[in-house]
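Next up is a structure, given as C-alpha cells.
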Amino acid sequence: MSGHRAMLQRLERGFRATAAHDRRHVALPQFDVFVSEQSGDEHSLAIPLSDGGSGIDALAETFANHGRRARVEYFHDLYPGLAAALEGKGFDLEMNAPLMTLEPADFAKAEIPQGYQRLASGDGALLEH
C-alpha cells in the first residue's frame, strides 16, 4: 500500500499545481482553496491537506465569501475519513471516480516478434486498420 500511497501523493502534487494555474490560492489549515475568476462553480475547488473535518466550516465560508459553491476534489485513499466528515456538514457526493495507476514497470516493452511480409493485391483490408 505504501507504493500506492506514494503514487497518489505524487499525483496529488501535480493536481495541486494544475489547480493553482490561473486561480487565486487561499491557504487554510486543512485545505488549499483555488478560486477561479471564471464563472461557474466547477472552475473553483479545494484540495485537502489533512483528513477529518476540523476545517470544513472555514472551507465553506471561504467559498461563500467568493460567491462560489464549495467543491472538494481528492483521492479517497489519502483521506479516508474526509467523505464522512463532509457529508456530516451537508456536502453531497457528486462523483466517485475510480483511479487506475500504472507503475513504470507496467510500461516496459515486451519482446514483440518482428517479421516482414510482402503485401499482395488482396491485402488492402490490412492497411485500413
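All of the numbers you see were taken from the coordinates with simple rules; none came from a lab. Note that the coordinates shown come from a computational prediction; the quantities given were computed from them, not determined experimentally. Virtual Cβ from ideal backbone geometry, glycine too; neighbours counted across all protein chains shown.
Would you indicate which of [x] 185; [y] 154; [z] 101 is the value of volume of the Cα convex hull per residue in Å³ derived from the coordinates of this structure?
[x]
So if I place +1 on the C-beta of Lys and Arg and -1 on the C-beta of Asp and Glu, and nothing else carries charge, what would the dipole magnitude of the stretch 33-89 be about its Cα centre? I want it in debye, nearest 20.
Values: 4 positive and 9 negative charges, 23 e Å.
So the magnitude is around 100 debye.
Ok, one more. Restricting to the chain, compute how many DSSP beta bridges are antiparallel as a %, nearest 5.
Roughly 90 percent of the beta bridges in the chain run antiparallel, per DSSP.
Shifting gears a bit: Given labels modelled 7 Å from the Cα in the Cβ direction, how far is it in nm from D123 to Q38?
In this crude spin-label approximation the distance works out to 4.8 nm.
If the chain between M95 and M7 were fully stretched, how many nm would it gain, using 0.36 nm times the residue separation less the Cα-Cα distance?
So the chain would gain 29.5 nm between M95 and M7.
Quickly work out the R24-to-A83 label distance, labels modelled 7 Å from Cα along the C-beta direction, and quote it in nm with one decimal.
3.3
Turning to a different aspect of this structure: Quick one: grab the alpha carbon gyration tensor of the stretch 15-59, order the square roots of its eigenvalues as a ≥ b ≥ c, and give me rounded if a/c is under 1.5, else prolate or oblate depending on whether a/b is larger than b/c.
Taking the square roots of the gyration eigenvalues as a ≥ b ≥ c, the stretch 15-59 is prolate.
Now a separate question. Per-residue ellipticity at 222 nm for the chain, helices alone: DSSP H runs ≥ 4 residues times -39500 (n - 2.57), over residue total, nearest 500 deg cm²/dmol?
-9000 deg cm²/dmol
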